[in-house]
Amino acid sequence: MPSPADVHDVPLQETFDATIAAEQRIEPRDWMPDGYRKTLIRQIAQHAHSEIIGMQPEGNWLTRAPSLRRKAILTAKVQDEAGHGMYLYSAAETLGVDREDLTTKLIEGRQKYSSIFNYPTLTYADVGTIGWLVDGAAICNQVPLCRSSFGPYARAMIRVCKEESFHQRQGYELLTTMMRGTDEQRAMVQESVNRWWWPALMMFGPPDDQSPNTAQSMAWGVKRHTNDELRQRFVDMSIPQAQALGVTFPDPDLAWNAERGSYDFGEPDWSEFMAIVKGNGPTNLARIARRRAAHEDGAWVREAATAFAAKQAGQTRSEEVQP
Ligand code: BYC
């Protein structure tokens, strides 16, 4: 027997279900089930945190870029990631959460960010490889999210994906330039690709049969493809690009499967993935420590901005009462 609250929610639930079934968007003021709201907050917050933490591995090379041109490009890219984080925190705020609270959860380890940003950037080739493979994986994952059922998230993704496409091309262009250089540069690119290939495949999340959230997120139209579908799409997309570049991927099981019309590939090391997701990756502690320090060092900026906004609001009010 439904409780009074459930009885009250029945028409609302029906409207919600009909909106999802009709492939229309849920907007912030629409009624939504608690689970849908929680899932979105979880995914969007994790996504926003990833963009912000994602500034660190590449930011590591800003002072050591090999030319002024490369430095300007890298600065712009890292700034774009900050912008993506801001759109995403704004999208999360439409669900009734507070950005400050989300940041606290991140630095206290209560919310996740992408596993990929827990690996160190050891050479400048990593800047190119991150652009090519990490942004490439991000595009694969995020283009379908432009059709996500929650309006603010889907709309944020449109701009994010345009910028990610540009990032991917800059990474590929950087690697192409290095591949036309010396033997040492070519070796540096191959070594970098060897380190990033498996972590890039893990970005798509655990295999479908170990993904607790996929089925419900697909039913709600939050996710449009499963983790394994997107991983396969990424593998198929990347192999011709690697061939054009002149590098190989460190997987002896990679082989064209004519029957499936796709590449077969090996199994990522899921124990490594789980260790990273639990906070035990090569750079987890350093990433969070850096984020915490940036947040604390920036406290005065937030206080000044809040005081300025209050002052402006006061002035506007007093101007309004002028005859
Ligand atoms: N890393 O049930 P599942 C970027 C967690 S940023 C860490 O499959 P779901 C970029 C998952 O959260 C890239 N944790 O989950 C930025 C869940 O734990 P909780 C970020 C992961 O949500 C700068 C548990 O494992 N992109 O693109 O259905 C420069 C079980 O997983 C990961 C996004 O966030 C992971 N890789 O599917 C360049 C995209 N994978 O939360 C690039 C939006 C899974 O239950 N997010 N977990 O405690 C998504 O599409 C989905 O959230 C995921 C995971 C496919 C990532």
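Throughout, read-outs are computed from the coordinates displayed, never taken from laboratory work. Worth saying up front: this structure is predicted, and the values here are computed from it rather than measured. Virtual Cβ from ideal backbone geometry, glycine too; neighbours counted across all protein chains shown.
Along the Cα→Cβ direction, 7 angstrom out, place labels at residue 244 and residue 312. What is the inter-label distance in nm?
Placing both labels 7 Å beyond Cα along the Cβ direction yields 4.4 nm.
If the cut-off is 29 Å between C-alpha atoms, which lysines fall inside it for residue 223, apart from same-chain ones fewer than 8 positions away?
38, 77, 105, 112, 162, 278
Lys/Arg Cβ at +1, Asp/Glu Cβ at -1, dipole of the chain taken about the Cα centre: which of 89, 258, 235 is farthest positive-ward?
Selected residue: 89.
Between residue 169 and residue 305, what's the calculated FRET efficiency when r is the beta-carbon distance and R0 is 51 Å? Round to 0.05.
Taking R0 as 51 Å, the efficiency between residue 169 and residue 305 is 0.90.
Taking residue 71 as the anchor, which aspartates and glutamates have their alpha carbon closer than 15 Å to its alpha carbon, excluding any fewer than eight residues away along the same chain?
Once the sequence-local aspartates and glutamates are set aside, what remains near residue 71 is 58, 80, 126, 173.
Starting from the alpha-carbon convex hull of segment 245-323, give the projected area averaged over all orientations, in nm².
13.1
Order of 253-266, 56-69, 156-169 by packing, highest average Cβ count within 10 Å first?
Put in order of decreasing packing, that is 156-169, 56-69, 253-266.
Can you tell me how much longer the chain between residue 290 and residue 90 gets when fully stretched, taken as 0.36 nm per residue apart minus their C-alpha distance, in nm with one decimal?
Separation in residues times 0.36 nm, less the Cα-Cα distance, equals 69.7 nm.
What FRET efficiency, computed as 1/(1 + (r/R0)^6) with R0 = 45 Å and r the Cβ-Cβ distance, is obtained for residue 180 and residue 274, rounded to the nearest 0.05?
So the FRET efficiency works out to roughly 0.70.
For segment 11-321, what is the convex hull volume of its Cα atoms per residue in Å³?
Spelled out: Cα convex hull of segment 11-321, divided by residues, is 162 Å³.
Across bins of 10 angstrom width beginning at 0, how are the C-alpha pair distances of segment 141-268 distributed, in whole percent?
11, 34, 34, 17, 3, 0
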